[in-house]
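Q: Pasting a structure here, questions to come.
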Amino acid sequence: QGLSREAAKRLRFVPGLVYVEEGAVRRQSPEQRQQTLAQMETLLQATGFPYYLIHLEEALELPPSILQPGPERASTSGPSGPSYKEAVDSFIQQQRQDGDSGTSLPGHSTPDRPAGATPCLPDAAQTQELLRSFEAAATATAREELLEMLRTHLIVQTARDKGYAKVMMGESLTRVAIKLLTNLSLGRGAYLAVDTGFTDQRHGDVMVVRPMRDYTAKEIAFYNRFFSVPTVTVPALFTKRREKLSIHQLVERFLLGLQEEFPSTISTVYRYGGSMGGTGAVGGLGCTHNPHFGCRTGEKLSPEPAKASGESQRCLLCLCGLDTFGGEWGGHWG
């Protein structure tokens with residue numbers, strides 16, 4: 001009965017929702033971007049949770065500290081803060097008081113904008129600067145990686161600014177399986193545990209978790225269909241004329257094509273990723289003996305993902321530790 005959708009469930013925390021608007025690099029007109037923003041704001045308002053609408057152009061104004069892992073948050077169970085049980089009891093009591101008074105929870109308010117006003121878009125100069133950055137990327141694969149990196153940095157910085165210690169991503173089992181093979185193709189095999197695992201602690205003070213990684217995209221689509229969950233569709237990332245597909249798209253087509261003929265393909269790839277032992281050890285591949293994989297920036301990686309003894313031994317973009325030990329294969333790298 002506790003698994004029933006109608007069963008009463010109580011959140012032990014107040015979540016916040018973040019939507020990153022990427023219409024500029026998806027070749028949407030200003031009118032289409034405003035329409036998408038209005039639709040998303042309507043959906044987010046209906047949840048009753050605090051929400052934040054941010055634009056991809058804001059990544060150009062991120063502070064330099066985003067390229068450094070933040071300090072670990074101190075535990076709140078010590079004398080300096082309340083225990084977990086006390087914090088939960090306080091939250092439940094606050095919920096009951098707000099329910100009796102008919103008011104919303106603190107923070108459950110809309111952004112500082114008049115009701116019914118159209119969401120504002122960034123300046124045209126910022127949009128052009130962002131487009132120049134994406135057009136400077138030589139391949140579609142590089143643009144996919146750039147978009148993912150900027151999106152992650154924006155979400156992590158928003159979590160830091162608003163005081164959140166964890167970020168929950170919506171990556172499904174299908175998306176995790178595609179990322180797993182994509183990372184192997186890009187030379188990021190040593191970092192599968194960080195990029196596809198349940199937890200990602202490379203950012204230090206903000207932990208990234210993937211709670212939806214046990215559900216396939218088809219299961220999520222059926223759930224949305226059966227329970228009439230509203231959705232908003234956005235176009236794909238733009239590609240140059242006569243340009244080859246990115247590695248991400250090729251891997252996605254390959255896996256989904258196999259999935260049609262062999263329904264266990266996605267789950268098999270996912271189980272392979274789940275067989276990784278510890279940090280950076282891929283089950284059966286013996287990468288602890290030959291850990292010289294490359295990151296998306298072309299640097300060699302450390303056998304211990306997301307760990308580095310100093311900033312000079314950390315990749316500036318993905319925040320993972322570099323492999324600074326030559327070893328057997330050191331002479332084969334440029």
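The values are calculated or read from the model by the stated rules, or taken from the named source; none is laboratory data. Everything numeric in this text was worked out from a predicted model, so none of it was measured. Cβ: placed from backbone, ideal geometry, glycine included. Neighbour counts: every protein chain shown. Just so you know, the surface numbers come from the protein's heavy atoms only, side chains and all, with ligands and any DNA or RNA stripped out. Shrake-Rupley method; radii C 1.70, N 1.55, O 1.52, S 1.80 Å.
Q: Give the total of Lys-Lys pairs in the stretch 166-278 with Cα-Cα distances below 26 Å; include a pair only if its members are 8 or more places apart or on different chains.
A: Working: K166/K179; K179/K218; K179/K240; K179/K244.
Value for the stretch 166-278: 4.
Q: What is the percent carbon and sulfur in the accessible area of the stretch 166-278, measuring with a 1.4 Å probe over the protein chains and ignoring ligands?
A: Values: 3730 of 6440 Å².
Here it works out to 58 percent.
Q: Net charge within 13 Å of L173 by Cβ-Cβ distance, Lys/Arg positive one each and Asp/Glu negative one each, not counting L173 itself?
A: Values: positive: R175, K179, R210, R213, K218, R271; negative: E171, D214, E219.
Within the 13 Å Cβ shell, the charges total +3.
Q: A further question follows. Once the whole set of protein chains is in place, how much accessible area is left on T233, using a 1.4 Å probe, in Å² to the nearest 10?
A: Number for this one is 120 Å².
Q: Moving to a separate point now. Give me the net charge for the shell around E129: Cβ to Cβ below 14 angstrom, other residues only, Lys and Arg +1, Asp and Glu -1.
A: Numbers: positive: R132; negative: E57, E58, E61, D123, E135.
After counting each charged neighbour, the total is -4.
Q: Sequence gap at least 6, Cα distance under 8 Å: using those rules, report the relative contact order of the stretch 166-278 to the nearest whole percent.
A: Normalised by residue count, the contact order of the stretch 166-278 is 38 percent.
Q: Rank by packing, highest mean first: peptides 258-269, 15-26, with packing defined as the count of other Cβ atoms within 10 Å averaged across residues.
A: On the way: 258-269: 13.7, 15-26: 18.3.
Highest mean packing first, the order is 15-26, 258-269.
Q: Okay, next question. Report the accessible area of C318, computed with a 1.4 Å probe over the heavy atoms of all protein chains in place, in Å² rounded to the nearest 10.
A: Counting only protein heavy atoms, the figure is 10 Å².
Q: How large is the accessible surface of D123 in square angstrom, using a 1.4 angstrom probe and rounding to the nearest 10?
A: Surface open to solvent at D123 totals about 100 Å².
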